[in-house]
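Visitor: Below you will find the structure I want to go over with you.
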Amino acid sequence: MKKILMIFVLLLVYSSLSATGVIIPDDEDYPKDLLKNKLCEIRVNIKGNMAETIVYEEFINEWNQPVDGVYSFPLPEYARATAIYYWRNDTTFKAILKVKEQTPNPGTGSGGVAALVNDYIGENGIKILFKGIAAGEVQKVELHYIANLDYHMGEFGYTFPLNTELFVNYPIDYLNIDVNIESHRPILSYDMPSHPGFVFTQEDDYNLKLSYLKSKAYITSDMKLNYTIVNPELVIDFHSQFRNDRGGHFTLYYNSPDTSPASLSKEIVFLVENSSRMRGAKFNQSIDAVKTALEMLSEEDSFNIIFFNSITSKFRYTPVAADSSNISSAIGFLEAAAWNYGSDLHNGLLEALAQFSDAAKNNSILTFTTGYSPVDPLEIEEENEYSTGIFLIGMGTEVERARIEMTANLNYGRAFYFTEENYDNNEVVKILEKINSPLAKDIDITFNKSDISNICPEKYLSLYGGTQFHVSGLYDIGETNSITIEGVNKNGTFIEEFQVEYTADSLENSSADKLWAKQKMDELEWEIEVYGESDELKEELIDLSLAYGIRCRYTAYIADYTTTTSLNEIEDETILPESYSFLKSNYPNPFNPSTRIRFFLSDADIGKVKIVKIFDILGRLVAVIDISGFSGGWHEITFDGRDFYGSALASGTYIVTLQVGNSVRNSIKIVLMK
């Protein structure tokens, strides 16, 4: 019987952590719980407010027999997978989507490693079965996914789930991270605090590349990236793409300036669940957050506090001024909260909405809840007379996300989540700063184009200081046209008009179609989970999933070992950082005696000296290939496994770097195996 007691104890303590993928063998006689992780390569292509992540991993079957294995990856909650590639016998395959449930992890699911991995990858995790991994064979897999970046007060944040210490307590062969940022506004500063020692290249104010390479790496901390941009005024980022088989898709991001003195006066109701489910750390953290929020209010603001379980209790009958006396009394009310059984979030929200009577103020409800409570998002939307922004913070590990997110989406708000373990007061303060600085309300966006359709979401948030919001939709004809954003600020009605390009190009902004599909699929899945499945909703969701290659609740990625692909096809689906030259990969890897190295050259680097250098694992230069004469675009060169003098190199790991001028762009690892 496998010894999993130690890992079980660790997961009980750190179950909220996530990391890179793992493969569970589907044979109880396999000598270990998991196939061994060999290496991890992470590529992040950031364009404006959106990130495409590509993670390439290798795992080795250490047994003397072939084995099936399930690859499981902890996809971030707000991300959607867009493609999976895998390899066998030097052939590249693309996983296909089929209408079926994901392959379960081997085991009963009620205990053991399978249950632990299920907890580890979460509800949004990706699973795919690889069959017949030969003895000693390396299983290669590449996962693509998209997500919007975190944004606050001019700072973008990106996190990759790289903390694998609960399952992988040994060093992998190497860890390689490459981040390409193409910003629409000047980049002021940047940092990768999780991985000191990164290398950066910034050729101009708008383009930045960060690289990190470490051999014998312990993957024990998530990769975190932060960078700040110039953010002086309301600006938009607009991405569009046109494909003959799907028509035109666009995503509009509008980013508000940082907090300014011209914010609107506001009225806010703090709605806090005090049911038995919230007892303990979750409730104490919620109370601390409300106390912090009270101290951030100005005297021209007004507020109230409502506790809810099976019934509600109010601090005051109606909102009161946020002066020192009322705040002091409110803190006493918070600290004297009593417990009760039951939880009625729906009634709590209706009570909170009834508090508002002034349409001139920016009205908000900030709710702390487990989410395990009946609530009808459509009825709440119907009762929301004053366009109140409903912001919900889900507390704990067992949260009804669909109900929370649908309610926020229909009511000018957003959803956030914390567990007892990952609660971060700094992150809570960021949420409070957003809600505390309304710059404009009653936002309306007019697309001055007659063929726009399927816009989502339909409700536009108020403009809060230093925040972003995005809207996606469809169009039929590529052209230049205008978008008008209007609303009400402290000085009255404002109108901003922007010229945008609805492209007719099928290659430009190659993720615009998937961003729209992701948002539309999110809304459909919320509706199905909250109100129940119907044939119409199910069919629409499945059709979107299969058409756009994005997994939904009814579909799964399948390795059929017949759907082949090529490096060109993989790269066609990748968001290319057109301002940067970089090494992509080599094939085959491991190799003997030669391998093809794939790279992309930017037009901006034409005329510069460009050299591919190969180093051994000790850092000694063993070979150089001059590629200065290549044109812009994708290319391949062959490396024959020999050094400067034509002598065959020994088996081992080698580092390949691309140098443009005096700048090292990125590195990849290649393995010569004889």
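The values are calculated or read from the model by the stated rules, or taken from the named source; none is laboratory data. Predicted model, so just to flag it, every value in this text is computed and none were measured. Reconstructed Cβ throughout: ideal geometry from the backbone, glycine too, with neighbour counts over all protein chains shown. Ligands, DNA and RNA are stripped out before the accessible areas are found, and what is left, the full protein with its side chains, is counted by its heavy atoms. Shrake-Rupley method; radii C 1.70, N 1.55, O 1.52, S 1.80 Å.
This table checks each residue for (1) open to solvent by 20 Å² or more (accessible area, probe 1.4 Å); (2) closer than 25 Å to Ile435 by Cβ; (3) touching a residue at least 40 places away in the same chain (Cβ under 8 Å).
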site: Gly473; (1), (2), (3): no, no, yes
site: Ile485; (1), (2), (3): no, yes, yes
site: Gly492; (1), (2), (3): yes, yes, no
site: Lys514; (1), (2), (3): yes, no, yes
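This table checks each residue for (1) touching a Lys or Arg at 6+ places or on another chain (Cβ under 8 Å); (2) not in a loop (DSSP other than H, G, I, E, B).
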{"position": "Ala504", "(1), (2)": "no, no"}
{"position": "Met521", "(1), (2)": "yes, yes"}
{"position": "Ile528", "(1), (2)": "yes, yes"}
{"position": "Glu533", "(1), (2)": "no, no"}
{"position": "Leu537", "(1), (2)": "no, yes"}
{"position": "Ile542", "(1), (2)": "no, yes"}
{"position": "Ser545", "(1), (2)": "yes, yes"}
{"position": "Arg551", "(1), (2)": "yes, no"}
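Visitor: Related question: Only residues that are touching a Phe, Trp or Tyr at 6+ places or on another chain (Cβ under 9 Å), part of a strand (DSSP E or B) and either at pLDDT below 85 or open to solvent by 20 Å² or more (accessible area, probe 1.4 Å) (or both): list them for region 185-210, please.
Guide: Leu188, Ser189, Tyr190, Asp191, Val199, Phe200, Thr201, Gln202, Glu203
Visitor: Further question on the same structure: Determine, yes or no, whether Gly154 is open to solvent by less than 10 Å² (accessible area, probe 1.4 Å) and touching a Gly at 6+ places or on another chain (Cβ under 7 Å). Before you say what the answer is, go through the steps one by one.
Guide: On the way: open to solvent by less than 10 Å² (accessible area, probe 1.4 Å): yes; touching a Gly at 6+ places or on another chain (Cβ under 7 Å): yes.
Here the answer is yes, as Gly154 does meet what is asked.
Visitor: Quick check, is Gly466 on the phi > 0 side of the Ramachandran plot, in contact (Cβ under 8 Å) with a residue 60 or more places away in the chain and in contact with a helix residue (DSSP H, G or I) (Cβ under 6 Å, 6 or more places away or on another chain)? Steps first, please.
Guide: Numbers: on the phi > 0 side of the Ramachandran plot: yes; in contact (Cβ under 8 Å) with a residue 60 or more places away in the chain: yes; in contact with a helix residue (DSSP H, G or I) (Cβ under 6 Å, 6 or more places away or on another chain): no.
For Gly466, the condition - on the phi > 0 side of the Ramachandran plot, in contact (Cβ under 8 Å) with a residue 60 or more places away in the chain and in contact with a helix residue (DSSP H, G or I) (Cβ under 6 Å, 6 or more places away or on another chain) - is not met.
Visitor: Exactly one of (1) in contact (Cβ under 8 Å) with a residue 60 or more places away in the chain; (2) surrounded by fewer than 19 Cβ atoms within 10 Å (Cβ to Cβ); (3) under 30 Å from Asn255 (Cβ atoms) is unmet by Ala135. Its number?
Guide: With respect to (1) in contact (Cβ under 8 Å) with a residue 60 or more places away in the chain; (2) surrounded by fewer than 19 Cβ atoms within 10 Å (Cβ to Cβ); (3) under 30 Å from Asn255 (Cβ atoms), Ala135 is out only on (3).
Visitor: Consider only pairs whose beta carbons are under 8 Å apart and that are at least six residues apart or on different chains; among these, list those whose first residue lies in region 614-625 and is of a type outside the set (Gly, Ala, Ser) and whose second residue is in a loop (DSSP other than H, G, I, E, B).
Guide: Asp616/Leu649; Val622/Asp643; Val622/Phe644; Val622/Leu649; Val624/Phe644
Visitor: Tell me, which residue of region 264-282 that is out of contact with any strand residue (DSSP E or B) (no Cβ under 6 Å at 6 or more places or on another chain) and surrounded by 21 or more Cβ atoms within 10 Å (Cβ to Cβ) is modelled with the highest pLDDT?
Guide: First, pick out the residues of region 264-282 that are out of contact with any strand residue (DSSP E or B) (no Cβ under 6 Å at 6 or more places or on another chain): 265, 275-281.
Filter once more, so that each one left must be surrounded by 21 or more Cβ atoms within 10 Å (Cβ to Cβ): 275, 277-278.
Details: Ser275: 92, Arg277: 88, Met278: 89.
Filtering first and then ranking leaves Ser275.
Visitor: So, in region 19-42, of the ones that are charged (D, E, K, R) and either in contact with a Lys or Arg (Cβ under 6 Å, 6 or more places away or on another chain) or modelled with pLDDT of 90 or more (or both), which residue ends up least open to solvent (accessible area, probe 1.4 Å)?
Guide: Just the residues of region 19-42 that are charged (D, E, K, R), to begin with: 26-29, 32-33, 36, 38, 41.
Cutting the leftovers down to either in contact with a Lys or Arg (Cβ under 6 Å, 6 or more places away or on another chain) or modelled with pLDDT of 90 or more (or both) gives us 26-27, 29, 32-33, 36.
Details: Asp26: 86, Asp27: 50, Asp29: 107, Lys32: 101, Asp33: 35, Lys36: 75 Å².
Step by step, filter region 19-42, then rank; the result is Asp33.
Visitor: Here is a list of conditions, (1) assigned to a strand (DSSP E or B); (2) more than 22 Å from the chain's Cα centre (by Cα); (3) at pLDDT below 90, and Thr480 meets all of them except one; can you say which number that is?
Guide: (3)
Visitor: Return yes or no: is Ala289 surrounded by 21 or more Cβ atoms within 10 Å (Cβ to Cβ) and small (Gly, Ala, Ser)?
Guide: Working: surrounded by 21 or more Cβ atoms within 10 Å (Cβ to Cβ): yes; small (Gly, Ala, Ser): yes.
Considered against the rule, which asks whether it is surrounded by 21 or more Cβ atoms within 10 Å (Cβ to Cβ) and small (Gly, Ala, Ser), Ala289 comes out as yes.
Visitor: Do any strands (runs of 3 or more DSSP E) entirely within region 312-420 hold 2 or more residues that are over 22 Å from the mean Cα position of the chain (by Cα), and if so, which? Quick ask: steps written out before the conclusion?
Guide: Values: elements: 312-314, 362-369, 389-395, 415-418.
Correct list: 312-314, 362-369, 389-395.
Visitor: I'd like the full set of residues that are at pLDDT 85 or above, over 23 Å from the mean Cα position of the chain (by Cα) and either surrounded by fewer than 21 Cβ atoms within 10 Å (Cβ to Cβ) or not in a strand (DSSP E or B) (or both), limited to region 171-184.
Guide: Pro171
Visitor: Do we find a residue being open to solvent by less than 50 Å² (accessible area, probe 1.4 Å) and within 21 Å of the chain's Cα centre (by Cα) anywhere in region 527-540?
Guide: No - not one qualifying residue is present in region 527-540.
Visitor: Examine region 439-457 for a residue that is farther than 26 Å from Val235 by Cα and not in a helix (DSSP H, G or I), and state whether such a residue exists.
Guide: As a first pass, look at region 439-457 and keep what is farther than 26 Å from Val235 by Cα: none.
Within region 439-457, none of the residues are farther than 26 Å from Val235 by Cα and not in a helix (DSSP H, G or I).
Visitor: Then there's this: Counting just the residues of region 293-311 that are closer than 26 Å to Asn426 by Cβ and open to solvent by 40 Å² or more (accessible area, probe 1.4 Å), which one comes out nearest to the chain's Cα centre (by Cα)?
Guide: Met296
Visitor: What are the residues in region 213-252 that are among the aromatic types (Phe, Trp, Tyr), more than 18 Å from the chain's Cα centre (by Cα) and crowded, with 22+ Cβ neighbours inside 10 Å, if any?
Guide: Phe242, Phe250
Visitor: Please work out which one of (1) modelled with pLDDT under 95; (2) out of contact with any Gly (no Cβ under 7 Å at 6 or more places or on another chain) is the condition Thr369 fails and give its number.
Guide: So Thr369 meets the others, but not (2).
Visitor: From the list Glu427, Glu398, which one is open to solvent by 30 Å² or more (accessible area, probe 1.4 Å), touching a residue at least 24 places away in the same chain (Cβ under 8 Å) and acidic (Asp, Glu)?
Guide: Numbers: Glu427 fails: touching a residue at least 24 places away in the same chain (Cβ under 8 Å).
Sole residue among the options that is open to solvent by 30 Å² or more (accessible area, probe 1.4 Å), touching a residue at least 24 places away in the same chain (Cβ under 8 Å) and acidic (Asp, Glu): Glu398.
Visitor: OK, next. What strands (runs of 3 or more DSSP E), lying completely within region 58-114, carry at least 1 residues that are in contact with a Pro (Cβ under 7 Å, 6 or more places away or on another chain)? Working first, answer last.
Guide: On the way: elements: 67-73, 80-88, 91-94, 96-99.
Where strands (runs of 3 or more DSSP E) fall fully within region 58-114 and carry at least 1 residues being in contact with a Pro (Cβ under 7 Å, 6 or more places away or on another chain), they are 67-73.
Visitor: Taking Asn255 as the residue in question, decide whether it is of a type outside the set (A, V, I, L, M, F, W, C), buried (at least 18 other Cβ atoms within 10 Å of the Cβ), in contact with a Phe, Trp or Tyr (Cβ under 9 Å, 6 or more places away or on another chain) and within 30 Å of Ile452 (Cα to Cα).
Guide: Values: of a type outside the set (A, V, I, L, M, F, W, C): yes; buried (at least 18 other Cβ atoms within 10 Å of the Cβ): yes; in contact with a Phe, Trp or Tyr (Cβ under 9 Å, 6 or more places away or on another chain): yes; within 30 Å of Ile452 (Cα to Cα): yes.
Here the answer is yes, as Asn255 does meet what is asked.
Visitor: Any residue in region 357-367 that is open to solvent by 20 Å² or more (accessible area, probe 1.4 Å), free of Cβ contacts under 8 Å to residues at least 40 places away in the same chain and closer than 26 Å to Arg279 by Cβ?
Guide: Taking every residue of region 357-367 in turn, none turns out to be open to solvent by 20 Å² or more (accessible area, probe 1.4 Å), free of Cβ contacts under 8 Å to residues at least 40 places away in the same chain and closer than 26 Å to Arg279 by Cβ.
Visitor: Please verify whether region 305-319 includes one or more residues that are under 25 Å from Lys434 (Cα atoms), out of contact with any helix residue (DSSP H, G or I) (no Cβ under 7 Å at 6 or more places or on another chain) and of a type in the set (Phe, Trp, Tyr).
Guide: For region 305-319, residues under 25 Å from Lys434 (Cα atoms), out of contact with any helix residue (DSSP H, G or I) (no Cβ under 7 Å at 6 or more places or on another chain) and of a type in the set (Phe, Trp, Tyr): present.
Visitor: Follow-up question, since we're still on this one. If I ask for residues that are over 29 Å from Tyr30 (Cα atoms) and open to solvent by less than 10 Å² (accessible area, probe 1.4 Å), which ones from region 61-81 would you list?
Guide: The initial filter retains those residues of region 61-81 that are over 29 Å from Tyr30 (Cα atoms), namely 76-81.
Listed by number, the residues that qualify are Ala79, Ala81.
Visitor: Further question: Can you find a residue in region 449-470 that is modelled with pLDDT under 90, among the polar types (S, T, N, Q) and open to solvent by 40 Å² or more (accessible area, probe 1.4 Å)?
Guide: no
Visitor: Within region 544-561, how many residues are open to solvent by 40 Å² or more (accessible area, probe 1.4 Å) and either closer than 12 Å to Lys127 by Cα or without any contact (Cβ under 8 Å) to a residue 24 or more places away in the chain (or both)?
Guide: Total satisfying the criteria: 0.
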